[in-house]
Amino acid sequence: MIDPIILFFLLGAVAGLLRSELRLPAAVYEFVSIVLLLSIGLKGGVELAKQPFSTLLPHMGAVIAMGFVLTLLAFPVLRYLGRFTRADAASIAAHYGSVSVGTFAVAVAYLGSRQIPFEEHMPLLLVMLEVPAILVGIVLARGLSRETRWRTVAHEVFLGKGIVLLLGGLLIGWAAGPDGLKPIEPFFFDLFKGFLAVFLLEMGLITAKQIGSLRRYGPFLVAFGIGMPLFSALVGTWLGWVLDLSVGGTAILATLAASASYIAVPAAMRISVPEANPTLSLAAALGITFPFNVLLGIPIYHALAVWAHTFARG
């Protein structure tokens, strides 16, 4: 059976393609996004309180390195095979070196519905993956130029809505613990999949709007939007195996590697690389990669994680 939250995404996509009058008010979408980010952070924070922070440092360092590497690998493919301008290649590469909170939320729901456990500190790794790709993308586009407004970029990256809510949720969950969060648990935890369903309905509508852009820019973005996530998932699976994560943790890390940002990176690129065409990045990330991951990718990444923990370990 198809998970109902996936059907909500398909409903939004079909409604958008048919030019339905269905629209989610901006305030509702903003509210749902805030709840999802806080919920993810709170869940991670509660579990973080149960383990020493020092044990997480190797995982954090490895994930940051992965963000750098994936961005650097995507750039020459876009620049020389896709023949994009330097600015556009750097911008798209940064999107694919970063991470999608929405995809992460769907992966959490997918594993939860199958009662597959995963490491509790995954929301922390989600936060870690937001930053490296942005920095690399800016350097690839501009070089180490004095003209780059690093202070403005740093403010946008570290004080953007996504990072503040995720980190804030982590800290609140860590400080309050499971007992302290019980009064708000029904709203943030029990209703998580309901909020996620509404979020995916809107993402389906947004995805439909990007289809026209994909028609204009040809098949390369389609191939890249599917091929890059599959390659990145292999890297994430390998890293999860090296870090000795569980099957669920490896599947989550593969999903994080395979996802593409559509919130933090577009905002940062708009400030630092204004000459890059944002339509290209969003058409690939939202028009191809997000629906691919939600509909097909996450089960594939879970299968890769199972394979890594059975056949690869012998």
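The values are calculated or read from the model by the stated rules, or taken from the named source; none is laboratory data. Just so you know, these numbers come straight off a predicted model, no measurement behind them. Positions of Cβ are generated from backbone atoms using ideal geometry, with glycine treated the same way; all protein chains shown enter the neighbour counts. The area values use the complete protein model at the heavy-atom level, side chains included, leaving out ligands, DNA and RNA. Shrake-Rupley method; radii C 1.70, N 1.55, O 1.52, S 1.80 Å.
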- [ ] Mind computing the radius of gyration and Dmax over the alpha-carbon atoms of the chain? Å is fine for both.
- [x] 18.6, 55
TODO: Using all C-alpha to C-alpha distances in the range 34-76, build P(r) with 10 Å bins and read off the rounded percent in each one.
DONE: 23, 31, 35, 11, 0
Task: Karplus 3J(HN,Hα) series, Hz, for the range 69-79 with 6.51 cos²θ - 1.76 cosθ + 1.60 (x for Gly, Pro) - done: 5, 4, 5, 5, 6, 6, 4, x, 5, 5, 6
- [ ] Determine the principal axes of the Cα atoms in the range 182-241, then give the extent along each, sorted from largest to smallest and rounded to whole angstroms.
- [x] 51, 37, 9
Task: Net charge dipole size for the chain [Lys, Arg +1 and Asp, Glu -1 on Cβ; Debye, nearest 20] - done: 840 debye
Task: Distant alpha-carbon pairs in the range 152-268 (separation over 25 angstrom), percent - done: 47 percent
Open item on the list: Placing +1 on the Cβ of each Lys and Arg and -1 on the Cβ of each Asp and Glu in the range 149-263, which of Ala254, Thr152, Gly169 has its Cα farthest towards the positive end of the resulting dipole?
Closed with: Thr152
TODO: Send over the Kirkwood Rh of the range 162-216, from the inverse of the averaged 1/r over different Cα pairs, rounded to one decimal Å.
DONE: 13.8 Å
Task: Alpha-carbon Rg/Rh ratio, for the range 1-99, with Rh computed the Kirkwood way - done: 1.10
TODO: Would you work out the relative contact order for the chain, in percent, from Cα pairs under 8 angstrom that are 6 or more residues apart?
DONE: 32 percent
- [ ] Pick out, from Ser281, Leu81, Leu196, the residue whose Cα sits farthest towards the positive end of the charge dipole of the chain, with +1 on the Cβ of Lys and Arg and -1 on the Cβ of Asp and Glu.
- [x] Leu81
TODO: Could you please state, rounded to a whole Å, how far the C-alpha centre of the range 210-249 is from the C-alpha centre of the range 39-73?
DONE: 20 Å
Task: Three principal axis lengths of the range 70-146 [C-alpha, angstrom, descending] - done: 46, 28, 16
Open item on the list: Multiplying the sequence separation of Lys161 and Leu17 by 0.36 nm and subtracting their Cα-Cα distance, what value in nm do you get?
Closed with: 48.9 nm
- [ ] Compute the relative contact order of the range 16-174 as a whole-number percentage, counting only Cα pairs closer than 8 Å that sit 6 or more residues apart in sequence.
- [x] 42 percent
TODO: Indicate the gyration tensor shape class of the range 219-273 (rounded, prolate or oblate), computed on the Cα atoms with a ≥ b ≥ c the square roots of the eigenvalues: a/c under 1.5 is rounded; otherwise a/b larger than b/c is prolate and the rest oblate.
DONE: oblate
Task: Accessible surface of the range 234-299, 1.4 Å probe, proportion on carbon and sulfur as whole % - done: 72 percent
Open item on the list: Give me the tail of P(r) for the range 33-174 as a percent: Cα-Cα pairs with distance above 25 Å.
Closed with: 34 percent
Open item on the list: Within the range 1-26, name every residue whose backbone N is under 18 Å away from a label modeled 7 Å from Cα of Lys209 along the Cβ vector.
Closed with: 9-26
